[in-house]
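Read-outs: derived from the displayed coordinates by stated rules, not from any lab. Since we're looking at a predicted model, the values are computed, not measured. Because the Cβ atoms are built from the backbone with ideal geometry, glycine has one as well, and the counts that use them run over all protein chains shown.
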Amino acid sequence: MPAAMLDADELTRFAAQLLAQEAEPGSLVPQGWCRHTPSSRVLMVTDREERRWFVKQLERGYKWRRETSAYENWAPMLGDRMPRLVGGDRGRRLLLLAELPGATPASRDPLAYRRAGEALRSLHAVETGDHCWTQWCGHLAERVDRELHELNRVGVRVEERVLRRVVDAIGELAPQPLVASHGDFLPRNWVVEGDRLAIMDFAEAGHHPAVVDVAKLHATTMWGRTDLLEQLLAGYGRCLAAEEVRLLELVRAVPALALLRRGVARDVPAVVERGRAVLAAVAADRPLRLTRAVWRRTASGAVRRLVPSRVVPPEPDPLLPLDT
């Protein structure tokens, strides 16, 4: 059952109870909503020492469980690359998080993508192993079915045979390891301070092949920007295997369906157009191409990066309303 969504005063009282050891009772002051939707709410509060905390409520229990599990199980490895969980309330699907120092980067800052690649490498190294590729492929097929059902419900037609072909082709790939995955790895969920990039909002976290975290980026902020993909891979620090490249070419259809659904729901034609453009690339079996090698392995086995350390941002190009 969905949780009853609380107002700002109720969320502030919850934070005060958990922070009784860190802040004086009654000293918390709500500063405003960071997010306020029917399915999730994030309220920022401050104490007398001007420390900031974020109270988060999720309507759906599975998202609360995903996020809580990520903070509890992955934080020891990621350290300051993710927020500190102060506490939670399972019944009301509440979380209290300490502020991450830093700021959200520009959506197409190449240097941020290099740092994001480093953070993604750390995340993917946290946990691998006992997760079933066949089961993951089944869940992917179910998600595609749900997306198609929602699109049909609102009268949006897509080439379903293309999506069926994508699902079948993914199932025929050699099994790939499933890793700790963010699920919504976009610049809006990055926080940069100095040379460190941290990641927030783990409500979509789970275990997926590594390139799934790249696919959503590719369909949104990296669409048409090979330079950003190159920077991300340079930070990630290893070349994608041929099977990974193929999976990325196919699985980008899934965020494209989500773009279509969200664009129609919010009446944003540019987002609908982007979703269709990505689906068209998948239908045409258009390969991913890098303009240059991101790294080269020497005779001794060492990796020499070819992307220059000094990154000069290209001229900005238009962002979609949902890119960030």
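Computed quantities for the displayed model
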{"item": "20 °C / 1.002 mPa s Stokes-Einstein diffusion coefficient of the range 181-287, Kirkwood radius on C-alpha pairs, µm²/s", "result": "146"}
{"item": "Computed E for residue 31/residue 143 - FRET, C-beta separation, R0 51 angstrom, nearest 0.05", "result": "0.90"}
{"item": "Packing-based order for 257-270, 205-218, 181-194, using average beta carbon neighbours within 10 Å, highest first", "result": "205-218, 181-194, 257-270"}
{"item": "Inverse mean reciprocal Cα-Cα distance (Kirkwood Rh) of the range 110-305, Å", "result": "17.5"}
{"item": "Two-site label geometry, residue 7 and residue 268: point separation in nm, points 7 Å out along Cα→Cβ", "result": "3.0"}
{"item": "Residue 103-residue 73 pseudo-label distance in nm [points 7 Å out on the Cα-to-Cβ vector]", "result": "3.6"}
{"item": "Among 30-38, 9-17, the order from most to least packed when residues are scored by Cβ within 10 Å on average", "result": "9-17, 30-38"}
{"item": "Rounded to 10°, Cα long-axis angle of helix 110-124 versus longest principal axis of the chain", "result": "80"}
{"item": "Per-residue HN-Hα couplings for the range 182-191 [Karplus 6.51, -1.76, 1.60; θ = phi - 60°; Hz; x = Gly/Pro]", "result": "6, x, 9, 7, 10, x, 5, 10, 10, 10"}
{"item": "Cα-derived Rg to Rh of the range 128-205, Kirkwood definition", "result": "1.08"}
{"item": "The range 198-289, relative contact order [Cα under 8 Å, separation at least 6], %", "result": "28"}
{"item": "Whole-Hz ³J(HN,Hα) from phi, Karplus 6.51 cos²θ - 1.76 cosθ + 1.60, for the range 247-264, glycine and proline x", "result": "4, 4, 4, 7, 6, 5, 5, 5, x, 5, 4, 5, 4, 4, 4, 5, x, 5"}
{"item": "Computed label-point distance, nm, for sites residue 131 and residue 52 using a 7 Å Cα→Cβ extension", "result": "3.1"}
